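FYI, it's all coordinate maths here, none of it is from the lab. Just so you know, these numbers come straight off a predicted model, no measurement behind them. Every residue, glycine as well, gets a Cβ built from its backbone with ideal geometry; the counts of neighbours run over all protein chains shown.
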Amino acid sequence: MAKKQTRRSISVSRNTYERLKAYCETTGVSMSSFVEERVGDFLGRSERPVRKPANEAESNDPDVKLTPDQIFTF
């Protein structure tokens, strides 16, 4: 059985990639660690508790707004 994929990729411009790579090589941090840390700073950490609906009717409410930490699970 195949393992569940837990990593995803994103596309950035060549210039952004090269600048990020140079910075990470200079500071000795991996590119993925740097990106995850910065995205976490911006969107919030995934370890934060996720609000769960009190009942099933509430979960079907189209007016319920999700926060970034409920959408993005980095």
Highest-first arrangement of 7-17, 24-34, where packing means the average Cβ count within 10 Å: 24-34, 7-17
Chain lengthening between Leu20 and Lys4 when straightened (0.36 nm per residue, less Cα-Cα): 2.9 nm
